[in-house]
Amino acid sequence: MNLKTKIPPPLVTIAFGILIYYSTEIIPSVTFTFQGFLGALFLIAGLGVMISAILTFRRLQTTINPLQPNTASSLASTGVFKLSRNPMYLAMLLILIALALYTGAVASIFLLPGFIIYISVFQIVPEEQAMRELFSEAYADYCEQVRRWI
């Protein structure tokens, strides 16, 4: 296991979710019309992207374990993977945005980019290194066609 990929991304997402939620006790939150509706839309989008990515991994019979990307047996490049090289992390971000909208957490202006930076540095970059080693040219071509997030 690569030391850079030690904390499971769902736990990172939960930690950022807790920070977003409880930040409203330190920094006043904002309220606006359709706040709950927008939050629900982002939640549904996030869950949809996540389920689609999981189904693609299952269909390809490859690992979904983000802590061991070097055990991947197939390069996922179909379905939602045509839109994002990292739909699972995109889904987690959408779910955090949903929480930020629902709670009106002003601190999410800093916490959401913090999540993106953390996941990019400690999860995506090590995964990309593993994918380059496993799928060399095919992965390079894929990277040219599909963006990292969206």
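Numerical summary
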{"item": "Sequence of Glu25, Glu127 when ordered by accessible area, the most exposed leading, probe 1.4 angstrom", "result": "Glu25, Glu127"}
{"item": "Surface accessible to a 1.4 Å probe, per residue, for the residues of segment 78-148, Å²", "result": "49 Å²"}
{"item": "Taking N as its residue count, the alpha carbon Rg of segment 40-108 over 2.2 N^0.38 Å", "result": "1.24"}
{"item": "Selected from Ile18, Ile27, Ile64 as most flexible by GNM, with the chain as the system and alpha-carbon contacts under 10 Å", "result": "Ile27"}
{"item": "The chain: most fluctuating residue of Ala98, Ala140, Ala130 per GNM, C-alpha cutoff 10 Å", "result": "Ala140"}
{"item": "Potential extension, Ile26-Gln68 segment - 0.36 nm per residue separation minus Cα distance", "result": "11.4 nm"}
{"item": "Relative contact order for the chain, counting Cα pairs under 8 Å that sit 6 or more residues apart, in percent", "result": "38 percent"}
{"item": "Carbon and sulfur %, accessible surface of the chain computed with the full protein complex present, 1.4 Å", "result": "68 percent"}
{"item": "DSSP-assigned coil residues among chymotrypsin sites (Phe, Trp or Tyr not before Pro) in segment 1-78, each with at most 11 further Cβ atoms within 10 Å", "result": "Phe32, Phe34"}
{"item": "Size descriptor, Kirkwood hydrodynamic radius, that averages inverse alpha-carbon separations across segment 83-137, Å", "result": "12.5 Å"}
{"item": "From phi via Karplus (6.51, -1.76, 1.60), per-residue ³J(HN,Hα) for segment 121-127 in Hz, x at Gly/Pro", "result": "6, 9, 10, 5, 4, x, 5"}
{"item": "Most fluctuating residue given options Gly79, Gly104, Gly46, as computed from a GNM of the chain linking Cα atoms under 10 Å", "result": "Gly79"}
{"item": "Percentage relative contact order, segment 74-150, counting C-alpha pairs under 8 Å, at least six apart", "result": "57 percent"}
{"item": "The chain: equivalent-ellipsoid semi-axes (sqrt of 5 x gyration tensor eigenvalues, Cα, Å)", "result": "30, 17, 12"}
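The values are calculated or read from the model by the stated rules, or taken from the named source; none is laboratory data. All figures in this text were calculated on a predicted structure; none of them were measured in a lab. Every residue, glycine among them, receives a Cβ derived from its backbone with ideal geometry; neighbour counts consider all protein chains shown. SASA here: full protein model, heavy atoms, side chains in, ligands and nucleic acids out. Shrake-Rupley method; radii C 1.70, N 1.55, O 1.52, S 1.80 Å.
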